[in-house]
Amino acid sequence: MFTNFSRIIKYGFVGFWRNGWLSAATIAIMFLVLVGFGCLLIFSSVTNIFISDIQDKIDISAYFKTDAPEDEILKIKKALESLTEVKSIEYISRDEALKIFKLQHQADDTVSQALEELSVNPLSASLNIKARELKDYSVIASYLGKEDFKNFISKVSYTQNVKVIDRLKRIKGIVEQGGFVMIVFISLIAALIIFNTIRLAIYSNREEIGIMRLVGGSNFFIRGPYLIEGMLYGFISGVLSVGIISLLVYYAAPYLKIFVPGINGWGYYTARLSGFFMWQLAFGIGLGIISSYIAVRKYLKI
Amino acid sequence: MIIFQNVSKIYKNNSHETIALDDATFHVKPQEFVSLVGKSGAGKSTVIKLLIGEDMPTKGKVVIGSYNVNKLKPIEMPYLRRKIGVIFQDFKLLNDKTAYENVAFAMEVAGRTPKEIMEFTPQALDMVGLKEKASNFPRELSGGEKQRVAIARAMINHPDVLVADEPTGNLDPVNSADIIKLLIKINELGTTVILATHNKDIVDNLNRRVISLEDGKVIRDEERGKYILV
C-alpha cells in the first residue's frame, strides 16, 4: 500500500513536470480566477470597514434645558445605560460644553468677546449616545421622547440625523446582501472555470487513462496521480494569488486612508493574512482535487 | 483454458443493430498459438475486446482460466488484465513515459516491489532487443521498436495469455517478421498466444491453428490451417 502511495505521488509530480506547458496554462488560469476571487473578498471587507467607520461617527445627542439639574441628567443617563440597544453614552456638562466651544473658536475674536460679555453659560449639557446597530437609533430616540423627560430635554438630534441614518442603513443592507450574493456568484464562476480548465487538461490525457486501464491499472492507481496534479495546480496558484494580492494591498493601503482616515490597511491585512491564505489554498486545492476526480472518472469506464 | 461459448455481440446504435459476433464457440488450450483471421469487420477485434473485458458479450460466456469475464465487476477487471498481456496495432504506449517506464508501469500497477521492477524491466527490454533505448520516449522510437516495447510490457508480468490485435498492421515486412518471431518465441516459452491478423503471409508461414471468422461467425477452425480467402 505504501509502495502504491509513493508511486502515485511520484507519478503526480512527474506528470506535472513533463506536461509543463499544460500545467503552466492550467495554473495561470486558476491563478487569475483566484486573484479575482481574492480581490472580491478584500473589496467586500474594505467596504465593511468603510461602513463601520461611518457608523462609528454617527451618534444621537440629547440636549438638556439649561436649568435641568445635573442629578436628573445623570438619572436619565443611568436609565439609558440599562437599554440593550445603547452601546455607550458620553455626558458633556455645561462647563465642558463651554470649554469645547471656546477651544473650537479660539481664533475667532468676536465669538470670544461675545462669550465674555455674557455673564452666564448659554450652552446646554448633553448626552451623546451611540447605539449598537443603526436600527437601534429610532428605539433610543423614541425612548428619549417620553413624557417623563420632556421637562429636562430641550432637543434630540435624531430628527436631523434620521435621513443619514436611514440612508446608511439601506447602503449597509445592500452591501451585506449584495456582497454575499456576489461572493456566492463569483465562487460558482471560479469553480466552473477551474473545473473546466482541469477537465481540458485531463481530456488531453484520456487515451493514456484508457491504456492504463487496459494494462491492468486499478482506478485508484490511475486516478491518484491526477489528484496529486490537481492538488499541485491548486497549491501553486493559491500561493501565487496570495503573493500578488499582498503586493497589491501593500501598494494600495496608503490610498485607503483617503476614505477611512487613521486606518492601517496593511496592518489590517497582515493580521488576517493567515486566514485569507488558508482560504485561498483550501479553495484552490479543494477545487483542483474535486475537478480532477470528476474529470478522470469519465475515462475510467473501460 | 479459454472458452468462448455461444458468444454473440450486438452493437445497438439508435434503431440500427450491428452483429459483430454471432454465436461463436471455440476453446483454446494452454500454450496453444491460435491465429484469428478474417476480413476487416469479420469480428476479430470484437473477440479481442471480449477477451480483455473492454466489452461485454450480449449473449454467451467468455472464460479465461478461473475468470468468467462477463461476470467480472469493473473493480475486478484489473486483476484479469494483469493475467493477460495485450499488444495492439497502434501500440498504445504511454507517450509521456520512457520505454523503461512503460514496461515498469505494468509491474507497478500489479503492485510488484521496486526491487523486482529494477530486476525484470531491463530483462524484458533485453528480450525484445531494446536495452539501449530504455530511456527513449515513444516519439523517439520507430514503429517496430514501439511494438517491441509493447510486447515487453505485455510479457513483464508473465501472463498466461498474450493477445495480439493486428500487431503488424502498422509495420513493414521486416519489422513484421521480427514481431512474429518474438511471438513464436514467447509461445515456445509456454505462453498461450492469440493473434488476430489479416496478413495472409504471416498466417500461412506460421502453420499453426487458424480460426477463420466471417460476418461474426466462426466458419473454419483448423489445427494447421492456412489463410483461405472466400
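The values are calculated or read from the model by the stated rules, or taken from the named source; none is laboratory data. A quick note: this is a predicted structure, and the numbers were derived from the prediction, not measured. Please note: Cβ atoms are built from the backbone with ideal geometry, for glycine as well, and neighbour counts cover all protein chains shown.
What to note about this one:
- Condition check for B:Arg148: part of a helix (DSSP H, G or I), touching a helix residue (DSSP H, G or I) at 6+ places or on another chain (Cβ under 9 Å) and at pLDDT 90 or above: yes
- For the stretch B:75-122, the set of residues classified as without any contact (Cβ under 8 Å) to a residue 12 or more places away in the chain, outside any helix (DSSP H, G or I) and more than 27 Å from A:Arg297 (Cβ to Cβ) consists of B:Thr113 only.
- Subset of the stretch B:25-54 [more than 25 Å from B:Asp201 (Cα to Cα) and assigned to a strand (DSSP E or B)]: B:Thr25
- Residue list for the stretch A:99-150, restricted to those being in a helix (DSSP H, G or I) and of a type in the set (A, V, I, L, M): A:Ile100, A:Leu103, A:Val111, A:Ala114, A:Leu115, A:Val139, A:Ile140, A:Ala141, A:Leu144
- Cβ-Cβ under 9 Å pairs, at least 6 apart or on other chains, the stretch A:106-117 side exposed (fewer than 12 other Cβ atoms within 10 Å of the Cβ), far side in a helix (DSSP H, G or I): A:Gln106/A:Ser112
- When the stretch A:213-227 is limited to residues that are more than 7 Å from every other protein chain (Cβ to nearest Cβ) and out of contact with any Gly (no Cβ under 6 Å at 6 or more places or on another chain), the one that is farthest from B:Val163 (Cα to Cα) turns out to be A:Leu227.
- Filtered residue count, the stretch A:15-55, keeping only those that are within 14 Å of chain B (Cβ to nearest Cβ) and in contact with a helix residue (DSSP H, G or I) (Cβ under 8 Å, 6 or more places away or on another chain): 6
- Among (1) farther than 30 Å from A:Arg7 by Cα; (2) more than 13 Å from the chain's Cα centre (by Cα), the one test that B:Thr192 misses: (2)
- Checking each residue of the stretch B:106-114 against the condition of being at the interface with chain A (Cβ under 9 Å from one of its Cβ atoms) and in contact with a strand residue (DSSP E or B) (Cβ under 6 Å, 6 or more places away or on another chain) gives no match.
- Verdict on A:Ile198 being surrounded by fewer than 16 Cβ atoms within 10 Å (Cβ to Cβ), β-branched (Val, Ile, Thr) and touching a residue at least 40 places away in the same chain (Cβ under 8 Å): no
- Some residue of the stretch B:33-43 being charged (D, E, K, R), at pLDDT 90 or above and either surrounded by fewer than 22 Cβ atoms within 10 Å (Cβ to Cβ) or within 18 Å of the chain's Cα centre (by Cα) (or both): no
- Any chance B:Pro138 is within 20 Å of the chain's Cα centre (by Cα) and within 14 Å of chain A (Cβ to nearest Cβ): yes
- Scanning the stretch A:204-225 for residues that are within 16 Å of B:Ala110 (Cα to Cα), small (Gly, Ala, Ser) and either in a helix (DSSP H, G or I) or in contact with a Ser or Thr (Cβ under 9 Å, 6 or more places away or on another chain) (or both) yields a single hit, A:Gly224.
- Within the stretch B:78-105, the set of residues being on the phi > 0 side of the Ramachandran plot and facing chain A (nearest Cβ under 9 Å) comprises just one member, B:Lys92.
- Among residues of the stretch B:113-142 being among the polar types (S, T, N, Q) and modelled with pLDDT of 90 or more, the one that is surrounded by the fewest Cβ atoms within 10 Å (Cβ to Cβ) is B:Ser135.
- Residue match in the stretch B:154-163 (condition: within 30 Å of B:Asp22 (Cα to Cα), at pLDDT 90 or above, among the aliphatic types (A, V, I, L, M) and in a helix (DSSP H, G or I)): yes
- Selection status of B:Ser212, surrounded by fewer than 22 Cβ atoms within 10 Å (Cβ to Cβ), farther than 20 Å from B:Pro30 by Cβ and small (Gly, Ala, Ser): no
- Those residues of the stretch B:54-77 which are at the interface with chain A (Cβ under 10 Å from one of its Cβ atoms) and in contact with a Ser or Thr (Cβ under 8 Å, 6 or more places away or on another chain), in sequence order: B:Asp55, B:Ile75
- Residue within the stretch A:45-65 that is free of Cβ contacts under 8 Å to residues at least 60 places away in the same chain, surrounded by fewer than 18 Cβ atoms within 10 Å (Cβ to Cβ) and not in a helix (DSSP H, G or I) present: no
- Within the stretch B:50-83, the only residue that satisfies the criterion of being of a type in the set (Phe, Trp, Tyr) and either at pLDDT below 85 or exposed (fewer than 15 other Cβ atoms within 10 Å of the Cβ) (or both) is B:Tyr79.
- Some residue of the stretch A:64-72 being touching a Phe, Trp or Tyr at 6+ places or on another chain (Cβ under 8 Å) and acidic (Asp, Glu): yes
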